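To start, the structure itself, in structure tokens.
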Amino acid sequence: MGLEEELEKARDKLEKTPVNKSTEKERARIKTKIARIEKKMEKKQEGTGGGYEGYAVEKQGDATVSLVGYPSVGKSLLLNKLTNAESEVGRYHFTTLDVVPGMMEYKGAKIQLLDVPGLIGGAAENRGEGKQVISVIRNSDLVVLMTDPGRLDGFGKMEEELYESGIRLDTEPPNVKVEKKGKGGIEVRTPVDLTELDEESIRQVMNEWGYTNAKIVIREDLMLDRLVDVLATNRKYMPSLKVVNKADTIDQAKKEEIAEKHPDAVPLSAENEENLGEFREELRRKLGLIRIYMKKPGKEPDRDEPLIVKKGSNVQDICDKLAGKIEQKFKYAKVWGESAKFPEQQVGEDHQVKDEDVVEIRTS
Ligand SMILES: Nc1nc2c(ncn2[C@@H]2O[C@H](COP(=O)(O)OP(=O)(O)OP(=O)(O)O)[C@@H](O)[C@H]2O)c(=O)[nH]1
Ligand SMILES: [Mg+2]
């Protein structure tokens, strides 16, 4: 039996197994099996030399975003409106066959947008170009899920498809640490109460994943799926942004209905360039990009070309980004702005910066 067939069988079995307390262990076993077949398939794909070549896009700029959605939702037109790229826009499905990159500049940040070919049913099962689509998405920093008013179910379908491919959207990775040991069996430590899993089933699942001697520390009320995610180790956690394009084709009532059903989706029109500002701002916010104005001693800060770093970055990260530009050894930094207790505060490398701070690096 081929891997694909095996996978299909296992998925089928899972679907037919009801969800209740008595089938919990059986479902755990099947899920483990599914995850292991998927991993095997991935390995095989890598082994054949990938076949990713046509899709390998060099990451450029401060962040990379993939634009996914069913054929003809308007991905190419949006890319053309927002960036310097020229992606073919057509009335026919699948006008975009390769990944087309474009660069968008917004508030000093260079955001690379990738027009990714139609995310079609079956991507997770390695049908068609699905696997390559997934690999491009996994390599980006955020995924835009795009649909139009006629296909609002697209969001759920895309989310499902990405989930099946090991991509976890808008979710924190499990707060769990696993450490392999030389002996002693499986030691389970849970400082919190677990409502779904007991130690026995945790041990069982870990055994099925090939862990015989290990320590697992669980710091959240872990569900079975997330335990499997930890053990599978190939999960990708990333943010997403939902977009409903072609807002120009609907009336106010329909707009309100969409806002109610999908409050987190940004309605826009690539054609009429409606609401593109909000889209850019949401992208920047979700990517967590912040601006730092660098300053040289005795000079005014450079406000024209901010240094872009991720939210939560510290002075050390800034120095890393400036690598090559600072030749001498870091001594201290001076900071003005939101992160400073007072203007011109003297700080060390672990000081966390905030959006629009002014930073002066002192070297010795
Ligand atoms: N009314 C309206 N039509 C749009 C809008 N955006 C795109 N379209 C039209 O929808 C059709 C498909 O647009 P594309 O940009 O080619 O769609 P795509 O998602 O790139 O499609 P594939 O490359 O096939 O996956 C074209 O005829 C566009 O002119 C919009 O905001 N409003
Ligand atoms: Mg296209």
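Among residues belonging to the range 173-200 that are of a type in the set (S, T, N, Q) and surrounded by fewer than 17 Cβ atoms within 10 Å (Cβ to Cβ), point out the one that is nearest to K25 (Cα to Cα). I'd like the intermediate steps shown before the answer.
To start, the set of residues in the range 173-200 that are of a type in the set (S, T, N, Q) comprises 175, 190, 195.
In the following step, the residues that additionally are surrounded by fewer than 17 Cβ atoms within 10 Å (Cβ to Cβ) were identified as 175, 195.
Values: N175: 22, T195: 15 Å.
So the residue we want is T195.
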Residue in the range 106-121 that is within 14 Å of ligand 1 (Cβ to nearest atom), modelled with pLDDT of 80 or more, out of contact with any helix residue (DSSP H, G or I) (no Cβ under 8 Å at 6 or more places or on another chain) and not in a strand (DSSP E or B) present: no
All positions within the range 306-323 that are in contact (Cβ under 8 Å) with a residue 40 or more places away in the chain and either exposed (fewer than 13 other Cβ atoms within 10 Å of the Cβ) or among the hydroxyl-bearing types (S, T, Y) (or both): G312, S313
The listed residue being among the β-branched types (V, I, T), near ligand 2 (Cβ under 10 Å from one of its atoms) and at pLDDT 70 or above, out of V68, V73: V73
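State all residues of the range 65-87 that are in a loop (DSSP other than H, G, I, E, B) and either near ligand 1 (Cβ under 8 Å from one of its atoms) or crowded, with 22+ Cβ neighbours inside 10 Å (or both); if no residue qualifies, say none.
Applying the first criterion (in a loop (DSSP other than H, G, I, E, B)) to the range 65-87 yields 70-74, 83-87.
Hits for the range 65-87 are Y70, P71, S72, V73, G74, S87.
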Filter pass, R27 being among the charged types (D, E, K, R), surrounded by 14 or more Cβ atoms within 10 Å (Cβ to Cβ) and modelled with pLDDT of 85 or more: yes
Subset of the range 232-275 [within 16 Å of ligand 2 (Cβ to nearest atom) and either of a type in the set (D, E, K, R) or within 30 Å of K40 (Cβ to Cβ) (or both)]: K246, E271
So V335, is it touching a residue at least 60 places away in the same chain (Cβ under 8 Å) and either outside any loop (DSSP other than H, G, I, E, B) or not assigned by TED's automatic domain parsing to the domain that holds T83 (or both): no
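The values are calculated or read from the model by the stated rules, or taken from the named source; none is laboratory data. This is a predicted model, so every value here is computed, not measured. Glycine also receives a Cβ, built like all others from the backbone with ideal geometry; neighbour counts cover every protein chain displayed.
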